[in-house]
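This structure is in structure tokens; I'll ask about it shortly.
A short reminder: the numbers here are calculations on the coordinates, not readings from a lab. The structure displayed is predicted, hence computed values, not measured ones. Neighbour counts run over all protein chains shown; Cβ positions are idealised from the backbone, glycine included.
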Amino acid sequence: MRKTLPAHGLDRATVDAALASMKADDAPWRQGRTPAYMFGATPEAEDVVKHAYMAFFSENALGAKRAFPSLRRMEQDVVDMALGLFNAPDEACGNMTTGGTESIVLAVKTCRDWTRANRPVHGRPNIVAPLSLHPAFDKAADLMDLEVRRIDLRPDYRADARAMDAAIDGSTMMIVGSAPCFPHGVIDPIAELGAIAEARDLWLHVDACVGGYLAPFVRRAGYPIPDFDFSVPGVRSMSADLHKFGWAAKPASTVFYRSEAYREHQKFDHAEWSSGRFVTETLVGTRPGGAVAAAWALLNHLGEDGYTEIAGRLMRMTKAYIADIAAIDGLEIVGSPDISVISYRARDLDILAVGERMSAKGWLVNATRLPPALHMMMSLLHEDARETYVADLRAAVAAVRQAGTAATMTATY
Ligand SMILES: *Cc1c(COP(=O)(O)O)cnc(C)c1O
């Protein structure tokens, strides 16, 4: 039945109680039971983010230029700090957006329009990318009538640069690598893709949405991270989400360009409207000032050493999960994950049946399709859950082995 607007408003206590009771049915993410959607660092970082968000809760970042110099300055500071983190040259630039999808749609649109103006291609333009590419690119391609060519991965689940090179033709406008990719948590060989982009004068975008704000600190914490950013000369644009492993508030992402000559094609400028000229730098109109302030506050509060400490702690936790999972008879980690995004499969039983048993024990389960595996994006929310998780997993594997059941679930995100 369709819900109707109450004829007479409910008092606050009633509304609050209704909210609390609905929340009670949600996945217990604070207990580390969600393998996606939620990312947590320390309680102190969360406090800083919330406080800053509330301080700018009402302000509208659409008006940053004309009404809120505070937000304008904070956005520029966030972009500048990130450009430094991603080894960008002085002439590089970028914007804050509302999420990875918006950053990606913008990068694809900007590449399309730059290509039209500077390097026209035959027919319908295409994007050549690894199979593991996030579907936000397909969404962008769907909106703009472009083609995405997904190329099979190498055996280590990273992009196969040579096969991608072979798939490029006269209609290719962009190639993409992920740092890392969502399904397997591995960073594509960006330097190899950069060499192809340079040799063919093609636009290389690096999708660092999931790990962009984590990988640089994982490297500072002493773990190997291959070059994936503007330090690779062929990289023309990047996307990186603050609201994932940047520990900031939703919605917050960033998109960057090697130079203003590229970003110029991102802007929307319309003059025929009865209300006058309408100009936006990004896709959406109204957006929350709180998310801008929260990102600014957290970057400043944590600084390089704060982020590095969290990254080190997270990687030690991830290595412990990996060791525990790999020690369970029949399970193995898929590839060699570069950050705290991991997946594991089974050698001789149905891993999705294991997933079903885990979900019966109250774990929200994510899976990958190729290969069939269970997938986890882990933050410090998962620190205290490890022993219970591993014990439940060991029991689930044993039960599936004994029952020989096949799964009914499929990989869905
Ligand atoms: C999450 C993600 C996106 C999309 O970001 P949203 O903020 O969910 O729109 C794009 N690429 C990768 C690799 C991601 O992990």
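So what does log10 I(q)/I(0) come out to for the range 155-218 at q = 0.29 Å⁻¹, using the Debye formula with one equal point on every Cα and no solvent?
-1.27
Could you tell me what fraction of 2.2 N^0.38 Å the Cα radius of gyration of the range 250-360 comes to, as a two-decimal ratio?
Rg over 2.2 N^0.38 Å, computed on Cα atoms: 1.73.
Based on the alpha carbon coordinates of the range 64-137, what radius of gyration and maximum Cα-Cα distance (Dmax) apply, in Å?
Rg then Dmax for the range 64-137, in Å: 15.6, 45.
Regarding the range 191-308, what whole-number volume in Å³ per residue does the convex hull of its Cα atoms give?
Each residue corresponds to 117 Å³ of Cα convex hull volume.
Using Stokes-Einstein with the Kirkwood hydrodynamic radius over Cα pairs, what translational diffusion coefficient do you get for the chain at 4 °C and a viscosity of 1.567 mPa s, in µm²/s rounded to a whole number?
Answer from the Stokes-Einstein relation: 57 µm²/s.
Comparing S21, S239, S58, which has the greatest mean-square fluctuation in the GNM of the chain with Cα pairs linked when under 10 Å apart?
The residue that fluctuates most here is S21.
What is the list of residues in the range 376-393 whose amide nitrogen lies under 15 Å from a point 7 angstrom out from the Cα of A320, following Cα to Cβ?
Hits in the range 376-393 for A320 at 15 Å: 378-391.
Counting just the Cα atoms, what span does the range 1-66 cover along each of its three principal axes? Round to the nearest Å and put the largest first.
43, 39, 23
Taking the dipole about the Cα centre of the chain, with the C-beta of Lys and Arg at +1 and of Asp and Glu at -1, give me whichever of A191, V232, V15 is farthest to the positive side.
V15
Now for a different question. What is the antiparallel percent of DSSP beta bridges lying wholly in the chain, to the nearest 5?
60
What trypsin sites (Lys or Arg not before Pro) does the range 55-147 have in DSSP loop regions with at most 14 other beta carbons within 10 Å?
K65, R66
Give the value in nm², to one decimal: projected area of the alpha carbon convex hull of the range 286-413, averaged over all directions.
Directional mean of the projected Cα hull area for the range 286-413 stands at 9.9 nm².
Could you list R394, R316 so that the one with the fewest beta carbons within 10 Å of its beta carbon is first and the one with the most is last?
R316, R394
Any idea how far the Cα center of the range 130-184 sits from the one of the range 311-333, in Å?
One Cα centre to the other: 29 Å.
Select from the range 263-355 those chymotrypsin sites (Phe, Trp or Tyr not before Pro) which occupy a DSSP coil region and have at most 16 other Cβ atoms within 10 Å, ordered by residue number.
W273
Provide, in order from the shortest bin, the percent of all Cα-Cα pairs of the range 137-257 in each 5 Å bin, continuing until the bin that contains the maximum pair distance.
Taking every Cα pair in the range 137-257, the percentages come to 2, 11, 20, 24, 22, 13, 6, 2, 0.
Arrange I187, I333, I351, I175 by Cβ neighbour counts within 10 Å, fewest through most, would you?
Lowest count first: I333, I351, I187, I175.
Once you order the gyration tensor axes a ≥ b ≥ c over the Cα atoms, which shape class does the range 226-288 get: rounded for a/c under 1.5, otherwise prolate or oblate by comparing a/b with b/c?
Oblate, since a/c reaches 1.5 and b/c is not below a/b.
On a C-alpha basis, how far is the centre of the range 53-81 from the centre of the range 285-303 in Å? Whole number, if you could?
8
Let me ask another. Given T318, V334, A353, which one lies farthest toward the positive end of the charge dipole of the range 313-369, if we put +1 on the Cβ of every Lys and Arg and -1 on the Cβ of every Asp and Glu?
Sorting the options by dipole projection puts first T318.
Quick one: length gained pulling E260 to L10 fully straight, 0.36 nm per residue minus the C-alpha distance?
Using 0.36 nm per residue and subtracting the Cα-Cα distance, I get 84.8 nm.
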